[in-house]
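The values are calculated or read from the model by the stated rules, or taken from the named source; none is laboratory data. Keep in mind the model is a prediction, meaning the values are calculated, not measured. Because the Cβ atoms are built from the backbone with ideal geometry, glycine has one as well, and the counts that use them run over all protein chains shown.
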Amino acid sequence: MRAMVIEQTGGPEALRVAAIPRPKQAIGELIVKVTAAGVNPIDAKTRAGRGAAGLIEAWPVVLGVDVAGVVETPAYDTHPLQPGDEVFGIITVPRASGSYAEYVAVPSTAVARKPQTLSLTHAAALPCAALTAWGAVVDVGKVKRGDRVLIHAGAGGVGHLAVQLAHHAGAHVITTASQRNADWLMELGADQVIDYASTRFEEETHGIDVVIDLIGNVKDDTGSRSLSVLRPGGLIINVPTASWPTYRDEAEALGMRASNLRAIPDGSTLDAIAAMIDAGDLRVHIDREFPLEEAADAHRAIESGHTRGKIVLTV
Ligand SMILES: NC(=O)c1ccc[n+]([C@@H]2O[C@H](COP(=O)([O-])OP(=O)(O)OC[C@H]3O[C@@H](n4cnc5c(N)ncnc54)[C@H](OP(=O)(O)O)[C@@H]3O)[C@@H](O)[C@H]2O)c1
């Protein structure tokens with residue numbers, strides 16, 4: 001099959017087209033013919049030698065955790081997901097071979113039927129970002145009506161979905177973004193957008209119940225500064241887990257709660273996300289689409305750090 005592979009870690013130019021064997025099906029997996037692959041920061045981090053690169057055991061590696069496509073081979077004869085069914089899901093790269101390819105083998109528990117109202121290209125934009133946003137807002141944040149929630153990087157892949165989920169839960173949603181994204185984020189359900197380039201967010205808000213931190217301390221000490229806006233006992237969720245190693249100690253020293261978060265491959269949560277999409281309660285925004293062969297340009301775009309919503313590769 002045709003795939004974009006890396007033979008070693010490096011810059012975006014490390015991505016190249018190759019013909020490699022189709023992945024083999026293990027117990028519980030189905031084979032999906034890939035229509036589109038979402039691009040996530042973790043793909044670029046792993047390509048560059050960070051992210052999940054430490055788990056690489058054999059080369060070449062096919063990146064891409066987000067997949068949408070058509071079932072080619074079911075997990076077993078009468079499994080509910082049958083050949084021809086359109087699915088979206090998440091792959092644990094590099095344990096498994098990723099979605100920058102014509103075929104993937106993916107655990108049947110890590111996929112769901114795609115939302116009926118979305119194309120497969122839009123569905124491919126969802127899995128990692130939506131599972132992360134759901135994990136932050138629903139599972140860890142337990143956000144409820146009346147909560148004050150601060151979401152850093154509301155305009156990005158995870159952020160624009162987290163803003164909508166928190167708004168849907170009835171929270172007062174405050175988010176940081178650049179000015180050009182302010183109106184769009186208000187449309188998605190933000191109550192207040194703070195332009196991080198011109199304003200220090202801690203001068204604009206306080207009494208926050210939950211901070212969903214999608215930046216950490218890689219930029220402007222965003223994580224550490226967020227502790228000062230939490231109410232006593234408030235919760236900070238550190239999503240870029242390598243970005244602020246001391247988050248828990250710093251939070252506990254100030255009497256705050258803290259958790260990291262990892263996206264969990266979970267088809268039943270993807271079912272719930274698909275239901276919200278089809279009910280019109282959640283939208284996914286694609287900033288740019290690239291053909292598979294232009295994966296290097298897609299990586300340059302995601303590494304710019306200013307994607308609005310998502311980037312997708314069409315296979
Ligand atoms: N732990 C996990 O399982 C997990 C899962 C998913 C993602 N992550 C991590 O979480 C982070 C966010 O992921 P993502 O997919 O949402 O990234 P993304 O789509 O690349 O985020 C881009 C957004 O970040 C915003 N931004 C940049 N600098 C900012 C700042 N200083 N303050 C506020 N916003 C800023 C940009 O807004 P403007 O254009 O308006 O500047 C842009 O919209 C990444 O580090 C990713 O690796 C972790």
Task: Failed criterion for T241 (all others in (1) within 12 Å of the ligand (Cβ to nearest atom); (2) within 20 Å of the chain's Cα centre (by Cα); (3) buried (at least 18 other Cβ atoms within 10 Å of the Cβ) hold) - done: (3)
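What do you reckon, is V158 buried (at least 24 other Cβ atoms within 10 Å of the Cβ) and within 8 Å of the ligand (Cβ to nearest atom)? Quick ask: steps written out before the conclusion?
Values: buried (at least 24 other Cβ atoms within 10 Å of the Cβ): yes; within 8 Å of the ligand (Cβ to nearest atom): yes.
Yes, satisfied.
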Open item on the list: Residue under question is A124, and the condition is that it be of a type outside the set (F, W, Y), crowded, with 18+ Cβ neighbours inside 10 Å and over 20 Å from M4 (Cβ atoms); does it hold?
Closed with: no
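Within segment 200-224, how many residues are acidic (D, E), touching a residue at least 40 places away in the same chain (Cβ under 8 Å) and within 11 Å of the ligand (Cβ to nearest atom)? If you could, list the steps in order and put the result at the bottom.
Within segment 200-224, the subset acidic (D, E) is 202-204, 209, 213, 220-221.
Now narrow it down to the ones that are touching a residue at least 40 places away in the same chain (Cβ under 8 Å): 209, 213.
Pick out the ones that are also within 11 Å of the ligand (Cβ to nearest atom) and you get 213.
Within segment 200-224, residues that are acidic (D, E), touching a residue at least 40 places away in the same chain (Cβ under 8 Å) and within 11 Å of the ligand (Cβ to nearest atom) number 1.
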Task: Selection within segment 8-25 - in contact with a strand residue (DSSP E or B) (Cβ under 8 Å, 6 or more places away or on another chain) and in a loop (DSSP other than H, G, I, E, B) - done: I20, R22, P23, K24, Q25
Open item on the list: Quick check on segment 66-78. Is at least one of its residues within 16 Å of the ligand (Cβ to nearest atom) and of a type in the set (G, A, S)?
Closed with: no
Open item on the list: Which residue is farthest from P127 (Cα to Cα), if the candidates are limited to segment 66-101 and must be touching a residue at least 60 places away in the same chain (Cβ under 8 Å) and either in contact with a Ser or Thr (Cβ under 7 Å, 6 or more places away or on another chain) or not assigned by TED's automatic domain parsing to the domain that holds A52 (or both)?
Closed with: G69
TODO: Can you confirm whether segment 168-188 contains a residue that is farther than 19 Å from A136 by Cβ and more than 15 Å from the ligand (Cβ to nearest atom)?
DONE: no
